1. Do you know which of the residues in the range 130-163 that are among the acidic types (D, E) and free of Cβ contacts under 8 Å to residues at least 40 places away in the same chain is nearest to N92 (Cα to Cα)?
2. If I go through the range 142-193 residue by residue, how many of them are hydroxyl-bearing (S, T, Y), within 15 Å of the chain's Cα centre (by Cα) and not in a helix (DSSP H, G or I)?
3. Tell me whether the range 85-103 contains one or more residues that are in a loop (DSSP other than H, G, I, E, B), surrounded by fewer than 21 Cβ atoms within 10 Å (Cβ to Cβ) and among the hydrophobic types (A, V, I, L, M, F, W, C).
4. Can you tell me how many residues within the range 1-30 are over 18 Å from the mean Cα position of the chain (by Cα) and under 19 Å from L68 (Cβ atoms)?
5. Which residues, taken from the range 48-82, are surrounded by fewer than 20 Cβ atoms within 10 Å (Cβ to Cβ), free of Cβ contacts under 8 Å to residues at least 40 places away in the same chain and not in a loop (DSSP other than H, G, I, E, B)?
6. Exactly one of these conditions fails for A152: (1) closer than 19 Å to F83 by Cα; (2) at pLDDT 95 or above; (3) surrounded by 15 or more Cβ atoms within 10 Å (Cβ to Cβ). Give me its number.
7. Would you point out which residue out of K216, K203 is of a type in the set (K, R), assigned to a helix (DSSP H, G or I), out of contact with any Asp or Glu (no Cβ under 9 Å at 6 or more places or on another chain) and farther than 20 Å from I11 by Cα?
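The values are calculated or read from the model by the stated rules, or taken from the named source; none is laboratory data. Note that the coordinates shown come from a computational prediction; the quantities given were computed from them, not determined experimentally. Reconstructed Cβ throughout: ideal geometry from the backbone, glycine too, with neighbour counts over all protein chains shown.
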Amino acid sequence: MMDLGALRSSIVNVFASDGLRELPKDEYSAGKYPKLLPVMHFVIDRYRLEGFGHLMTMHTTSKVGMELLTVALMPYEGSDVPFMLLDIMQMNKRIIVFVEYYDCTADHPAQPLLQAVADKYAALNAYDEKPAWYVKERAPYSLIKEGTPDDAKLMQECVLVSVTSYREVMREAKKNPANLAGLEVFRERMIKEGNPSSEILNKVLGKEGAATFFRKCVMPLNDKGE
């Protein structure tokens, strides 16, 4: 299986030379559920990426054997790149990897490099997910895969190549202030219509608390975390 703590560090290090600055710890930096006899623990780290926007990582561990790493890259400075959301889950010798891209840009530029990565790892087993509104909103170069411990090395490679390729696209992308409007609309849909983390976030933080967390930590639109 993967070492998700080490993978988290590797993902963050991809952006080490891009004006990466860790944001101060606050009430969202750690959590547990349920509070009295916790089964799940969350560790959340957030970073400012100069010239781009925001990076969040959330590492979830549990007493039932489930481990999850979530990474969100929010281009709130208006770059012509999609919003990137990663989820890597391990449980019962099963690995599920979501490399999701949501193109909220005004002009929807082609992303040949991200498509090339999707083509490279197309042979990995597809994960049969439940229908949801956001599935239809994903860019076609997203990767939704599953495997066993035998696939761990290749699946980790898939994640890191996806992140390094996204960084390359990010560094070359033009900026368009109109892209923020699309990000905000999509963010509100994720909150109101539901996202993969909605159920657990609502349990841990309550409906309003979950919405605030999503706006501040997952998809902030500015330096203030709004």
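1. Of everything passing the filter in the range 130-163, D150 is nearest to N92 (Cα to Cα).
2. 1
3. Looking through the range 85-103, none of the residues is in a loop (DSSP other than H, G, I, E, B), surrounded by fewer than 21 Cβ atoms within 10 Å (Cβ to Cβ) and among the hydrophobic types (A, V, I, L, M, F, W, C).
4. Residues meeting the conditions: 1.
5. T61, S62
6. (1)
7. Exactly one of K216, K203 is of a type in the set (K, R), assigned to a helix (DSSP H, G or I), out of contact with any Asp or Glu (no Cβ under 9 Å at 6 or more places or on another chain) and farther than 20 Å from I11 by Cα, namely K203.
Table: residues versus (1) surrounded by 19 or more Cβ atoms within 10 Å (Cβ to Cβ); (2) closer than 20 Å to T57 by Cα; (3) at pLDDT below 95.
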site: E172; (1), (2), (3): no, no, no
site: K175; (1), (2), (3): no, no, no
site: L183; (1), (2), (3): yes, yes, no
site: N195; (1), (2), (3): yes, yes, yes
site: E199; (1), (2), (3): no, yes, yes
site: G209; (1), (2), (3): no, yes, yes
site: V218; (1), (2), (3): yes, yes, no
site: K224; (1), (2), (3): no, yes, yes
